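The values are calculated or read from the model by the stated rules, or taken from the named source; none is laboratory data. As the structure is a computational prediction, the values presented were derived from the model and not from experiment. Cβ: placed from backbone, ideal geometry, glycine included. Neighbour counts: every protein chain shown. In case anyone asks, the SASA skips ligands and DNA or RNA and just uses the protein heavy atoms, side chains included. Shrake-Rupley method; radii C 1.70, N 1.55, O 1.52, S 1.80 Å.
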Amino acid sequence: MGDKSSGAKKVSRRKFLVRGGLGTIGVLAIGTYIFRNAIRREILGTVNSLEMPYTDNTDQPMVWFEVTSENNIVLHSPKMEMGQGTFTGIAQMAADELSVSMQQIQVVHAASSTGNVDSFATGGSTSISGLWQPLRELSAMLRMMLLKEASQKLNIDVTQLQIDDGVISGTGKSLTYAQVAEGVKNWEVPDTPKLKSLKEYKYVGKPIARVDLDAKVFGDPIFGMDAQMPDMLYGAIVRPTKIGSIFVSADIATAENMPGVIKIVVEEDFVGVVAKSMLEAENAKNAINVTWDSYKDLNTEAITKIITVGNGKSTIIQKNGDSLNEEGDLVRLEFRTPIGAHAQIEPNGVVASVDGDSAIVKISTQVVGITRKEVAKRLGLDTDKVNIIPTYLGGGFGRRLHTPHAVQAAVMSKAVGKPVKYFFSRKEEFQHDMFRPPTHHVIKGELNTDGLLHGLEHEFVSGDVGNNSALIPNFLPPIIGADVGAIRGGFIQYSGIPNFRAVYWHVDLPFATSWWRSLGLLANTFAMESFMDEMALKANKNAVEFRLQQIADDAIGVRLKNVIKAAAEKANYSEEITNGRAMGFAASIDANTPCAQVAEVSIIDNEIIVHKVTVSLDPGLAVNPDQIRAQCEGCVIMGMSAVLYEQMFVEDGELTPTIYGPYQMALMKNAPKEIDVVLLQGKDTPGAVGEPPLGPIGAAIANAVRRLTGERLTELPLKLSKLTL
Amino acid sequence: MKIRPVYFFLLLAVVGVVLVFANTPTISNYKTYDNQGIAQQNPDESYEKMMDVLTHQRCMNCHPNDNIPKQGDDRHPHYFGMARGDDDNGFEATSCNTCHQSINNTNSGVPGAPHWSLAPASMGWEGLSRAQIAERLLDKNTNGNRSHDELVKHMTEDDLVLWAWEPGIDADGNQRTIPPVSKKEFKEAVENWFANGAIIPNK
Amino acid sequence: MEISLTINGMLKTVDVGDENTPLLWIVRDLLNLKGTKFGCGKAACGACTLLVDDEAVRSCSYPVKFVEGKKVTTIEGLGDRENPHPVQQAWIEEIVPQCGYCQPGFMMATAALLNKVPNPTDEDIDNNIINVCRCGTYYRMRKAIHRAAKLQAEINTNETKEI
């Protein structure tokens, strides 16, 4: 697979306009993005390696910047900050092209009223890479506009002017950006100027501290859960505990007369309570007797049966050479991964205020545009009458790509004529999550006489990831035949193998599944890289050498080889067991970012202990190396948590458990004491960071356990069998 | 044979309650048991009743033998790695009382009672036979240097012991199960067994 | 019901309604201190951890009636931008937070730990810091906790000298 990102992007010509208000500069940006018009497999190959370019609206004025009278720049970000350091990265990019200091940039979430609404979402590890070109261009254009205006005001030729931290000066005279912008009605809008060279950047490429660090260390009220409005009431929504429940009717007589209750809102699709306090709303909710029509007798075994290769509809997503010789000496292994919960610590929450023909919604969402559209549609309003005010996200991970609670809060607010705050209980979060789907993989491989793979085949099955989500147009899945999310990481990256095939099977599950950080990557890489390790053992080859020998020398192949070599070298990869510790190796490519990891593992008191993880990542140009390291550390730990501990069950038709603890997750004591990160730069633009390091960790741990115990663990969460113990 | 002792027991119970109310018990006047006439109930039966309670998960979960408190009817290890610590009350900064207060919490489902903590390690009963539990209970070296009278008082009056019958709701809002013997019966069984010399059957 | 407490150094009397209301909601909604977070409401995640008389408490499971006459410290009272607590200073120096939502709870638990164990070992940290972080910032947190212990020791040494 080649590096196909460059051809997929056409950066726009952008225009500026001025909005009202002293010193406020608005920007009209016209963006175009042309999807590759290619045959199905070509598209699918692109999906796996593509760095999604930034896609914005094309027809509305968008506020990107404000110049304040204190000579600071407010940057309205269409991308949400959900922990990945996006605000810091874009502040660095803007500061450098605007020639201001980091302290002069204040990044805020763009309210939808600014027009600066992302037509896609915050997710897919696309924020920095997608904004790299357009945001720098916009910043450079603003700088040029200010420079030209200053040139007129100072009566000095542009070439004689210089800029330093937002102050334009020349021949002894100077004006701040704020002074330049003051009172200007007609701006001269230049063509997109030439961007600065990387060498000229003061901030891009440096490990700048997060711009939201203080707010997060001193407890500022920045999250959706912290949002409030005057005279706000509290809402609660009756949610079923059984999978597939459909609302039939509700007995609200008792609840209506309970303390603090303002109104019980009965809609066709939900029942809500509005009360003076959250606890009063909860109590009344618990007193409502709802009749549900629901599925029966579902359990984990039934789900496992559905998730089995051969069920559903298949699509060949990758093919090279011939099919495997089923009569030959094949190694065949099956792998399984469970249902995973997002379990982000901030529950989904929202405050909505509907007043006459307009609505204001404060919410932590990854999909400002979709949230706005859905609220407007339900209330029968024009989208421009709905202002979505996004907040910081207390974890995204894909959980906030779906925000029906915004609609529900808006409906409740309209019913009582006051702002209503609503948020999920933890049990509701667990039961009404849109889960990471369970998967099943059948992998077959055949070695040639040189001990290399002659053929490799990956067949896997999953529930929805991208399909049936508001982000993927309904027409798309039938055209491409596969779920663009589920297939992430399902491709064969060992392009040197002469014959290979990847086949995706799609099944429908009785409960909602969707995007979970890195999508199919976690499960697919666990299966594929565990299999590769088993084949290396069979071939009696060093696991690193075995991989390196089977990767073609195309652009991405070279980058993959480099991260594999770097991780092995940094970790001193060895297949000896030392002091009871073994190393496990794995590598993956996600969204055009290759990553390799070495996990150092031992077994203590029958538990798998991960002592050290070495990560090698090639994210391309590192805008903020420290935050890329933080993402690597975080992905390793979140990935460890998923592969060692996490698992949802279905019992008596209910998704369970519903609380942390029973839903076991990695704690401080489980996190590796050492995480060593090596960053490589295999291309000259920024690439995906927030998800790719989740790929290798599962297989890296399982491969270490294999070397310690001789046992090949094929199911997540990884558990030592009684045999081993 | 099967019905009679029950009536007899009920009668004794009434007498017992009257006596208890008549003499507000203190450690010193507990010595008068054998004068109270309760001793006539079969002490072996009392022993088994008492043990039905002591071996129930509501009691046993906080009498572990591995320094790890247990939770739930399935007696799983306490989540998040909580353990005994140096003073039976968890770790230095994250102790039992970081989450457990002196009352059950109906909002969170976290149980609570005064001095919520683990029984001392010497009183670890988990996995022991009834006779072994009784031995530990009676041995001053393992029971916190308690006399029989003090044991009776502890077992029949301590809020944390009696919490077993008012264990509140769990995180899911469901009532926790209670021991198979009522609180009243348990108290009487304890008093009777001790009044009869606290003899471990079959020994 | 009226409750008097010292919140972040200030004596306050508040009408709390139901005396069994979790302290968390009194702090967040009545006292409008949003730094203490709601994560699970079941004392499982630790996002609501604050200090009552310098002891770590999970405020979602702590009836407000028990704070009568006591001292409550939240993240807002631990330190501020001008005068950060050593734990906050260490968190800044190690650039710990990602999404940031669980961080106040972790910092409060760490402050409580350093009160009891000024120089915690890794094992002390593993035992006492059992909150949940989804972003996986544990690795930097551990470094920050060790750094905070050093910063606190330096402050204590300087204070001793001044005396």
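One residue is enough: does region C:5-18 have a residue meeting the conditions within 12 Å of chain A (Cβ to nearest Cβ), open to solvent by less than 20 Å² (accessible area, probe 1.4 Å) and either in contact with a helix residue (DSSP H, G or I) (Cβ under 9 Å, 6 or more places away or on another chain) or of a type in the set (S, T, Y) (or both)?
Here is the first cut: in region C:5-18, the ones within 12 Å of chain A (Cβ to nearest Cβ) are C:8, C:16-18.
Subset that is open to solvent by less than 20 Å² (accessible area, probe 1.4 Å): C:16.
Those still in the list that are either in contact with a helix residue (DSSP H, G or I) (Cβ under 9 Å, 6 or more places away or on another chain) or of a type in the set (S, T, Y) (or both) too: C:16.
Within region C:5-18, one or more residues are within 12 Å of chain A (Cβ to nearest Cβ), open to solvent by less than 20 Å² (accessible area, probe 1.4 Å) and either in contact with a helix residue (DSSP H, G or I) (Cβ under 9 Å, 6 or more places away or on another chain) or of a type in the set (S, T, Y) (or both).
Please go through region A:347-372 and pick out each residue that is open to solvent by 30 Å² or more (accessible area, probe 1.4 Å) and modelled with pLDDT of 95 or more. Scanning region A:347-372 gives A:S358, A:I360, A:K362. Of all residues in region C:100-117, those being at the interface with another protein chain (Cβ under 7 Å from one of its Cβ atoms) and over 15 Å from C:D53 (Cα atoms) number 6. Among the conditions (1) assigned to a loop (DSSP other than H, G, I, E, B); (2) farther than 20 Å from A:L279 by Cβ; (3) open to solvent by 10 Å² or more (accessible area, probe 1.4 Å), the only one that C:G77 does not satisfy is (1). When region B:154-169 is filtered for residues that are assigned to a loop (DSSP other than H, G, I, E, B) and open to solvent by 50 Å² or more (accessible area, probe 1.4 Å), only B:E166 remains. The helices (runs of 4 or more DSSP H) found wholly in region B:38-108 and carrying at least 1 residues that are surrounded by fewer than 15 Cβ atoms within 10 Å (Cβ to Cβ) occupy B:43-54. Test C:A47 against the stated conditions and say whether it is surrounded by 23 or more Cβ atoms within 10 Å (Cβ to Cβ) and on the phi > 0 side of the Ramachandran plot. Spelling it out, it is not the case that C:A47 is surrounded by 23 or more Cβ atoms within 10 Å (Cβ to Cβ) and on the phi > 0 side of the Ramachandran plot. Residues that are out of contact with any strand residue (DSSP E or B) (no Cβ under 6 Å at 6 or more places or on another chain), open to solvent by 10 Å² or more (accessible area, probe 1.4 Å), within 14 Å of chain C (Cβ to nearest Cβ) and within 24 Å of C:A47 (Cβ to Cβ) occur at least once in region A:634-655.
In region B:124-143, which residues are loosely packed, with under 15 Cβ neighbours inside 10 Å and hydroxyl-bearing (S, T, Y)? Once the filter is applied, which keeps residues that are loosely packed, with under 15 Cβ neighbours inside 10 Å and hydroxyl-bearing (S, T, Y), region B:124-143 yields only B:S129. Looking only at residues of region C:81-99 that are hydrophobic (A, V, I, L, M, F, W, C) and not in a helix (DSSP H, G or I), we find that the one that is nearest to the other protein chains (Cβ to nearest Cβ) is C:C99. Yes or no: region C:118-136 includes at least one residue that is open to solvent by less than 10 Å² (accessible area, probe 1.4 Å), part of a helix (DSSP H, G or I), more than 20 Å from C:L33 (Cα to Cα) and within 7 Å of chain A (Cβ to nearest Cβ). So far as region C:118-136 goes, yes, one or more of its residues are open to solvent by less than 10 Å² (accessible area, probe 1.4 Å), part of a helix (DSSP H, G or I), more than 20 Å from C:L33 (Cα to Cα) and within 7 Å of chain A (Cβ to nearest Cβ).
Among the residues of region A:692-707, are any open to solvent by 10 Å² or more (accessible area, probe 1.4 Å), in contact with a Lys or Arg (Cβ under 9 Å, 6 or more places away or on another chain) and farther than 30 Å from A:T122 by Cβ? Reasoning before the result, please.
Restricting attention to region A:692-707, the residues satisfying the condition of being open to solvent by 10 Å² or more (accessible area, probe 1.4 Å) are A:706-707.
Narrowing further to those that are in contact with a Lys or Arg (Cβ under 9 Å, 6 or more places away or on another chain): A:706.
Then keep just the ones that are farther than 30 Å from A:T122 by Cβ; that gives A:706.
Yes - at least one qualifying residue is present in region A:692-707.
Give the residues of region A:528-553 that are open to solvent by less than 10 Å² (accessible area, probe 1.4 Å) and without any contact (Cβ under 8 Å) to a residue 24 or more places away in the chain, sorted by residue number. A:A536, the sole residue that qualifies. For region A:195-238, a tally of residues being part of a loop (DSSP other than H, G, I, E, B), more than 14 Å from chain C (Cβ to nearest Cβ) and free of Cβ contacts under 8 Å to residues at least 40 places away in the same chain returns 1.
For region A:67-125, the set of residues classified as open to solvent by less than 10 Å² (accessible area, probe 1.4 Å), polar (S, T, N, Q) and outside any helix (DSSP H, G or I) consists of A:S77, A:N116, A:T122, listed by residue number. Consider B:V181 carefully, then state whether it is among the aliphatic types (A, V, I, L, M), touching a residue at least 24 places away in the same chain (Cβ under 8 Å) and within 14 Å of another protein chain (Cβ to nearest Cβ). When the stated conditions are applied, B:V181 does not pass them.
Would you confirm, using the coordinates I've provided, whether A:A227 is closer than 30 Å to A:D293 by Cα, of a type in the set (A, V, I, L, M, F, W, C) and at pLDDT 90 or above? No; evaluated as a whole, the condition is false for this residue. Scanning region C:28-53 for residues that are farther than 14 Å from C:G105 by Cα and more than 8 Å from every other protein chain (Cβ to nearest Cβ) turns up C:L30, C:L31, C:N32, C:D53. Among the listed residues A:L679, A:L716, which satisfies the condition of being farther than 15 Å from A:V563 by Cα, within 22 Å of the chain's Cα centre (by Cα) and either buried (at least 24 other Cβ atoms within 10 Å of the Cβ) or not assigned by TED's automatic domain parsing to the domain that holds A:F397 (or both)? Only one candidate qualifies: A:L716.
Here is the figure for region A:391-418: residues that are within 14 Å of chain C (Cβ to nearest Cβ) and either of a type outside the set (G, A, S) or assigned to a strand (DSSP E or B) (or both) total 6. The selection criterion, being over 25 Å from A:C632 (Cα atoms), at the interface with another protein chain (Cβ under 10 Å from one of its Cβ atoms), in contact (Cβ under 8 Å) with a residue 12 or more places away in the chain and open to solvent by less than 30 Å² (accessible area, probe 1.4 Å), does not hold for C:A149. Restricted to region C:80-97, and to residues there that are within 16 Å of A:P207 (Cβ to Cβ) and out of contact with any Ser or Thr (no Cβ under 9 Å at 6 or more places or on another chain), the residue that is most open to solvent (accessible area, probe 1.4 Å) is C:E93.
From the list B:Q57, B:Q41, the one residue that fits, being in contact (Cβ under 8 Å) with a residue 60 or more places away in the chain, more than 14 Å from chain A (Cβ to nearest Cβ) and within 30 Å of A:K427 (Cβ to Cβ), is B:Q57. Among the candidates B:K184, B:K140, the residue that is part of a helix (DSSP H, G or I) and either over 12 Å from the mean Cα position of the chain (by Cα) or at pLDDT 95 or above (or both) is uniquely B:K184.
Would you check if C:R28 is out of contact with any strand residue (DSSP E or B) (no Cβ under 9 Å at 6 or more places or on another chain) and either without any contact (Cβ under 8 Å) to a residue 24 or more places away in the chain or not assigned by TED's automatic domain parsing to the domain that holds C:F106 (or both)? I'd like the intermediate steps shown before the answer.
Details: out of contact with any strand residue (DSSP E or B) (no Cβ under 9 Å at 6 or more places or on another chain): yes; either without any contact (Cβ under 8 Å) to a residue 24 or more places away in the chain or not assigned by TED's automatic domain parsing to the domain that holds C:F106 (or both): yes.
Here the answer is yes, as C:R28 does meet what is asked.
Could you check, for region A:444-454, whether at least one of its residues is assigned to a strand (DSSP E or B), open to solvent by less than 10 Å² (accessible area, probe 1.4 Å) and in contact (Cβ under 8 Å) with a residue 12 or more places away in the chain?
If we filter region A:444-454 for residues that are assigned to a strand (DSSP E or B), which is where we start, we get A:444-447, A:453-454.
Those still in the list that are open to solvent by less than 10 Å² (accessible area, probe 1.4 Å) too: A:445, A:453.
After this cut, where a residue has to be in contact (Cβ under 8 Å) with a residue 12 or more places away in the chain as well, the list is A:445, A:453.
Taking every residue of region A:444-454 in turn, at least one turns out to be assigned to a strand (DSSP E or B), open to solvent by less than 10 Å² (accessible area, probe 1.4 Å) and in contact (Cβ under 8 Å) with a residue 12 or more places away in the chain.
Taking the conditions exactly as written (under 29 Å from A:N286 (Cα atoms) and over 14 Å from the mean Cα position of the chain (by Cα)), does B:G197 satisfy them or not? For B:G197, the condition - under 29 Å from A:N286 (Cα atoms) and over 14 Å from the mean Cα position of the chain (by Cα) - is not met.
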